[in-house]
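The next block holds one structure in the form of structure tokens; read it before the comments.
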Amino acid sequence: MSRLAEAFDGWIRSTFVALNTELEELYFAQPDRAGVIGVGDALKARLRDEGHAHVVALLAEGNTGEGFDSAFNLLGNVGLYMGALRRHELTNPDREEKSPFGEASSLALHVGASVGMAPRFATAHLATHNLAVDGIRKSFTSLADEFLFIDENTRGILCIQRAADALSRIVPLGVSSPLAESLLRDATAALEDLAAVNEKLFTRLDVDRFFYCVRPYYKPYRVGRQVWRGANAGDFSGINEVDLLLGLCRANDPYYAQLLMEKMLFMLPGDQARLRDCMMRRSLLDELLAALPTDRDSGWFQTNGAVFLDLCAVFARSAAQHHDQLVARFIDRPAAALPPDRLTGITASGPPIAVLMRSLEVLRDYRCAAPRPDLPTRHADFAALRSALGRG
């Protein structure tokens, strides 16, 4: 990391956090917690101007050639800065044709192109690649609920990555291998841990603090002329690897393929490569269905098929838990309490709340293999497999 990049990183970890936290306390103390315009203007100006000074110096320095890790960290820092500018209404893509922060946009575009990612902060910057310094991880604020969200969201991602890693190891072994049973059980245990993480978020995260003080930092913003959607908790390959390897979703389904394409640049390059590889693999469900006519009574089929169904049931429960508890409680219900004209200012990630909720419902039902005539879920295929295994 260059001296200038290190100074910017230090500012992001200190003054930047302090200014955002002070602003959040001002907003949260108001009767209208969604109102930010005209509040704390001196603090906003300081955040804008101090960050701008760092950005201008880094832009003049150019590519330091210090490798992916340094560039990725810089991309995250300039992204956090621009995300905070958007949160505090110092920029808003709805009222602009291009970003008013040209230097920050140029730096983000340069670094984003060099590492092969979207030119804004991504989930990984605050999750799996969020380097802690003296025990403190990077964040927008020092609010306890933001740290709770960052930590538990990261734990959830790590659980899904464990499950995806176990499933990917079955591919070269084959679903009939005696080793597949152990790997399927490993994936099941990881997803059971995920359910515990989700439950912790559900019981401990404050709804209002998350909705009004954490989520708004994930709004879309312009980099140059283009609007880039907000970072999303699902912007890593593991969740899609599980979808595809289990066979609950198909890469050739137009809806799901579009989702994968939209996510790709928000993932780390290594995740992008894993996902592309996974999209070309035959799913475990399809392997079992292909073997059903000839091997349904064999020992391996009965054992591995049963463990596979158990794993899918756990995954379905975690998908339903995530949507029906977390999304409903922390996004849908708070948004429903706001008048329609206030939703634009509070919406994060990109699409309007109603569109987001429909999209999340579709993903839930894919992962649960729900019987929906309007969606190509794998309900009938799972019914055939359950019947072959005597599960009705």
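The values are calculated or read from the model by the stated rules, or taken from the named source; none is laboratory data. Computed from a predicted structure; not experimentally measured. A quick note on method: Cβ atoms are made from the backbone with ideal geometry, for glycine too, and the neighbour counts reach across all protein chains shown. These accessible areas exclude ligands, DNA and RNA; they are computed on the full protein's heavy atoms, side chains included. Shrake-Rupley method; radii C 1.70, N 1.55, O 1.52, S 1.80 Å.
Here are some notes:
- Here Phe211 fulfils each of the conditions (1) out of contact with any Pro (no Cβ under 8 Å at 6 or more places or on another chain); (2) assigned to a helix (DSSP H, G or I); (3) not hydroxyl-bearing (Ser, Thr, Tyr) apart from (1).
- Checking the stated criteria, Thr91 turns out not to satisfy the condition of being within 25 Å of the chain's Cα centre (by Cα), more than 23 Å from Leu268 (Cβ to Cβ), among the β-branched types (Val, Ile, Thr) and open to solvent by 10 Å² or more (accessible area, probe 1.4 Å).
- The listed residue being at pLDDT below 95, open to solvent by 10 Å² or more (accessible area, probe 1.4 Å) and of a type in the set (Val, Ile, Thr), out of Thr128, Thr203: Thr203
- Qualifying residue in segment 346-355 (condition: within 21 Å of the chain's Cα centre (by Cα), modelled with pLDDT under 85, within 20 Å of Tyr217 (Cα to Cα) and of a type in the set (S, T, N, Q)): yes
- Note on segment 222-235: residues that are open to solvent by less than 10 Å² (accessible area, probe 1.4 Å) and in contact with a Pro (Cβ under 6 Å, 6 or more places away or on another chain) amount to 2.
- Hey, Asp208 of a type in the set (Asp, Glu), open to solvent by less than 20 Å² (accessible area, probe 1.4 Å) and at pLDDT below 95 or not: no
- Members of segment 228-258 that are in contact (Cβ under 8 Å) with a residue 60 or more places away in the chain and assigned to a helix (DSSP H, G or I): Ser237, Gly238, Ile239, Glu241, Val242, Asp243, Leu245, Leu246, Tyr255, Tyr256
- Some residue of segment 330-341 being modelled with pLDDT under 85, of a type in the set (Lys, Arg) and either open to solvent by 70 Å² or more (accessible area, probe 1.4 Å) or touching a helix residue (DSSP H, G or I) at 6+ places or on another chain (Cβ under 6 Å) (or both): yes
- Of all residues in segment 237-257 being over 17 Å from Arg282 (Cβ atoms) and either modelled with pLDDT of 95 or more or touching a Phe, Trp or Tyr at 6+ places or on another chain (Cβ under 8 Å) (or both), the one that is surrounded by the fewest Cβ atoms within 10 Å (Cβ to Cβ): Ile239
- Candidates are the residues of segment 364-392 that are assigned to a helix (DSSP H, G or I) and in contact (Cβ under 8 Å) with a residue 60 or more places away in the chain; the one that is most open to solvent (accessible area, probe 1.4 Å) is Arg386.
- Residue under evaluation Ala108, criteria (1) part of a loop (DSSP other than H, G, I, E, B); (2) open to solvent by less than 10 Å² (accessible area, probe 1.4 Å); (3) among the aliphatic types (A, V, I, L, M), criterion not met: (1)
- Counted residues, segment 95-120 - those being farther than 12 Å from Arg225 by Cα and among the acidic types (Asp, Glu): 1
- Scanning segment 224-253 for residues that are of a type in the set (Phe, Trp, Tyr) and under 14 Å from the mean Cα position of the chain (by Cα) yields a total of 1.
- Filter pass, Glu50 being acidic (Asp, Glu), within 23 Å of Arg3 (Cα to Cα) and open to solvent by 30 Å² or more (accessible area, probe 1.4 Å): yes
- Taking (1) in a helix (DSSP H, G or I); (2) surrounded by fewer than 17 Cβ atoms within 10 Å (Cβ to Cβ) in turn, Ser142 satisfies each apart from (1).
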